[in-house]
Amino acid sequence: MESLKLYWKNYISAYQGLSQATWLLALVMFINQSGSMVLPFLGVYMTTVLDFSLKNAGIVLSTFGVGSILGSLVGGWLTDKFGSFKIQVSSLFLSIPFYLILPFFKSFETLCLSIFFLSFIKELFRPANSASVSYYAKPENITRAFSLNRMALNLGYSIGPAIGGFLAAVSYNFLFYTNAVMSFLAGTLFIIYFKNRKGNTPEKVIADKAEQIIKTKSAYADRKFIFFSIFIAIYAFCFFQILNTLPLFYKNVALMDEKEVGLLMAFNGIVVFILEMALVHYAEKKFTLTANMIIGSLFCGAAFLVLLPSHLIVVLYLSIFLISISEILIMPFASTVAVNRSGPTNRGSYMGLNGMSFSLAFVTSPLIGTFIAQNYGFTNLWIFNCVMILVATVGFYFVMKKM
């Protein structure tokens, strides 16, 4: 009973001190992510409805990654040039027509093209949103502000696929239309609250970063951060299989239907929603950034390791739980590393490079993942993932010692 009270006290304290703007950014993220039903079911949609091969489905999914990489790069540059507000508004509203016309593209070539442009526009949002989180957060609450934003993202993600599974059982078109509606609502709320709103970037933070900005004007000239980003990309290659090869595995090997797949994917969001803020609040006080990155990476490896002997339903949920803990420890602290290495004038480039590391995984994860699964089986893919996680873990240990 005492441990429960201690957890509840820690959970409540994790939310204290966050600015109102931080909460509103989280609400915008929640609304937008609640409609994100397309990507988790895109691979299943292509292989079942459009009768694509695993290889072609993997290629289409990888074009999402290519668009994400370019969107992250351009989004970081545009954020530094025009500010985070304009870029986020543009991304939210320009993505709407693409969701509405996506059901009309059914060939391999047209899907590749449309998914590329959709992901490019969507990914403009990420570095701009990350810059906004750091801009509106109090300096001492940076990591928790990112965690709250991610918690909102995951709460939306738990709702999106869960509802999406039921909508897909009726018609996949509903997934695209719902995504468009939620993007409109998120964009409208964002404009209403954040137009002409000032942030919380105090002069002290600018002064503290002045010397670093002189030495490193861009993230792309920061060698240590580049190496860190490479290992993030390796980790993300494994993690993002939760969006491509894992749903295919659930459908084709574990023989789950769309509703069951949706509920299993929603479990990820529920775990992160319940545990992230309290766990991050505890971890940032008890462990170093390096320790959190290493532990988080190893949890991801464990998520694939447990799939080797069995794919019973309890094992599948255990795997999702482990990868959720990994996500909780890696994502916000990776953003904190980017914030700590940057200053107010170059934060967009750092967030852009950080986002590009994850976007690169959107290319490699479905492309390589589906290739290995189709030619060598899912078991060998899980083994390959475990090896990649070990590489990322060792990389985090050595590169972060020098940062």
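The values are calculated or read from the model by the stated rules, or taken from the named source; none is laboratory data. All figures in this text were calculated on a predicted structure; none of them were measured in a lab. No Cβ is skipped: glycine too gets one built from the backbone with ideal geometry, and neighbour counts run over all protein chains shown.
Is it true that some residue in segment 70-77 is modelled with pLDDT of 90 or more, surrounded by 24 or more Cβ atoms within 10 Å (Cβ to Cβ) and assigned to a helix (DSSP H, G or I)? Break it down into steps so the answer makes sense when it comes.
Filtering segment 70-77 for residues modelled with pLDDT of 90 or more gives none.
Within segment 70-77, not a single residue is modelled with pLDDT of 90 or more, surrounded by 24 or more Cβ atoms within 10 Å (Cβ to Cβ) and assigned to a helix (DSSP H, G or I).
The residues of segment 238-265 that are hydrophobic (A, V, I, L, M, F, W, C) and within 13 Å of Ser326 (Cβ to Cβ), listed by number, are Cys238, Phe239, Phe240, Ile242. Residues being within 21 Å of Gly160 (Cα to Cα), modelled with pLDDT under 90 and assigned to a helix (DSSP H, G or I) are represented in segment 104-122 by at least one member. If you go through segment 100-132 and keep only what is closer than 17 Å to Thr188 by Cα and aromatic (Phe, Trp, Tyr), you end up with just Phe125.
Within segment 1-43, restricting attention to residues that are within 15 Å of the chain's Cα centre (by Cα) and polar (S, T, N, Q), the residue that is modelled with the lowest pLDDT is Ser36.
When segment 179-236 is filtered for residues that are polar (S, T, N, Q), crowded, with 16+ Cβ neighbours inside 10 Å and either modelled with pLDDT of 80 or more or closer than 30 Å to Phe299 by Cβ (or both), the ones remaining, listed by number, are Asn179, Ser183, Ser229.
Among Lys259, Lys285, which is the only one that is farther than 27 Å from Val394 by Cα and either modelled with pLDDT of 95 or more or surrounded by fewer than 17 Cβ atoms within 10 Å (Cβ to Cβ) (or both)? Matching residue, one of Lys259, Lys285: Lys259. Per the conditions (1) surrounded by fewer than 21 Cβ atoms within 10 Å (Cβ to Cβ); (2) part of a helix (DSSP H, G or I), the sole criterion not satisfied by Leu308 is (2).
Yes/no matrix, rows are residues, columns are (1) touching a residue at least 12 places away in the same chain (Cβ under 8 Å); (2) among the charged types (D, E, K, R); (3) within 16 Å of Leu73 (Cα to Cα); (4) not in a helix (DSSP H, G or I):
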{"position": "Leu318", "(1), (2), (3), (4)": "yes, no, no, no"}
{"position": "Glu327", "(1), (2), (3), (4)": "yes, yes, no, no"}
{"position": "Ala334", "(1), (2), (3), (4)": "yes, no, no, no"}
{"position": "Ala338", "(1), (2), (3), (4)": "yes, no, yes, no"}
{"position": "Gly343", "(1), (2), (3), (4)": "yes, no, no, yes"}
{"position": "Ala361", "(1), (2), (3), (4)": "yes, no, yes, no"}
{"position": "Thr364", "(1), (2), (3), (4)": "yes, no, no, no"}
{"position": "Ala373", "(1), (2), (3), (4)": "yes, no, no, no"}
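Only a single criterion out of (1) crowded, with 18+ Cβ neighbours inside 10 Å; (2) at pLDDT 90 or above; (3) within 21 Å of the chain's Cα centre (by Cα); (4) among the hydrophobic types (A, V, I, L, M, F, W, C) is not satisfied by Val363, namely (2).
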